[in-house]
Amino acid sequence: MDLGPLRKSYRGDEEAFEEQHLASRDPIQQFGVWFQEAVDCPAIREANAMCLATCTRDGKPSARMVLLKGFGQDGFRFFTNHESRKGKELDANPFASLVFYWEPLNRQVRVEGSVKRLPEEESEQYFHSRPKSSQIGAVVSRQSTIIPDREYLRKKNAELEERYRETTVPKPVYWGGYILQPDVVEFWQGQTNRLHDRIVFRRLRDGSAPLGDMTHRGEGEWVFERFAP
């Protein structure tokens, strides 16, 4: 199937995303501004949906959509089954990449960094803030394991709904949270002529290192540069 003619117009040059348009020279604050605009856009149903890419120790990647459940200066939070494919890959190779794609705004944000598990008490608190049906679903599904059919899930779900009808659902030991601590945050905005805008922040661990002519000082440990599309 030839998909060459399948293309869409983005923004014009008069709407380019230039350095003076940054709301902040702190990428987390800049992300917060774009994220809120995505939340406020009626055409975007889940602004916190993101592609999480992980990798095995020997370099075989995998990716899937998950939901962002919090962000701040310490990083980006999400929750899942530790025994799932992504959980096992993060145990073996604790680095990952996130991509947010907000198509109606012609924007995406890419985040790269190291990942670690959240404290058990934080995972416990979030687990019990979820709807009870979602709590039971986490117990029912041993994510990424082979099951005979969907009826298996229906039956197990019904059994657990009855068991926990009047009691608290215990958080499974194999379920919890992660936080990605960013080293790179890229802000991308599409242009119809494909000369897309890419402003990339990176964490400069050695603050005394000299900066290049096209590198700009951001807040704290951050510097930023414009990349060719």
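The values are calculated or read from the model by the stated rules, or taken from the named source; none is laboratory data. From a predicted model like this one, the values you see are computed outputs, not experimental measurements. Note that we place each Cβ from the backbone using ideal geometry, even for glycine, and neighbour counts take in every protein chain shown. Keep in mind that these areas ignore ligands, DNA and RNA; they rest on the heavy atoms of the full protein, side chains included. Shrake-Rupley method; radii C 1.70, N 1.55, O 1.52, S 1.80 Å.
Every condition in (1) open to solvent by 20 Å² or more (accessible area, probe 1.4 Å); (2) over 28 Å from G220 (Cβ atoms); (3) part of a strand (DSSP E or B) is met by S62 except one, and the failing one is (1). Based on this model, can you work out whether F78 counts as aromatic (F, W, Y), open to solvent by less than 30 Å² (accessible area, probe 1.4 Å) and part of a helix (DSSP H, G or I)? No, not satisfied. When restricted to residues that are of a type in the set (A, V, I, L, M, F, W, C), open to solvent by 50 Å² or more (accessible area, probe 1.4 Å) and either over 29 Å from the mean Cα position of the chain (by Cα) or within 30 Å of P27 (Cα to Cα) (or both), the stretch 117-170 contains 1.
Every test in (1) open to solvent by less than 80 Å² (accessible area, probe 1.4 Å); (2) closer than 25 Å to E219 by Cα; (3) in contact with an Asp or Glu (Cβ under 9 Å, 6 or more places away or on another chain); (4) not in a loop (DSSP other than H, G, I, E, B) is passed by Q29 save one, and that test is (1). Condition test on A228, is it at pLDDT 95 or above, out of contact with any helix residue (DSSP H, G or I) (no Cβ under 9 Å at 6 or more places or on another chain) and over 17 Å from V111 (Cβ atoms)? Yes: the conditions hold for A228. Looking across the stretch 27-63, the residues that are over 18 Å from the mean Cα position of the chain (by Cα) and in contact (Cβ under 8 Å) with a residue 40 or more places away in the chain come down to C41, A43.
Inspection of the stretch 107-116 finds no residue satisfying the criterion of being crowded, with 16+ Cβ neighbours inside 10 Å, over 17 Å from V184 (Cβ atoms) and of a type in the set (A, V, I, L, M, F, W, C).
Taking the conditions (1) among the hydrophobic types (A, V, I, L, M, F, W, C); (2) surrounded by fewer than 15 Cβ atoms within 10 Å (Cβ to Cβ); (3) farther than 22 Å from Q30 by Cβ in turn, M214 satisfies each one other than (3).
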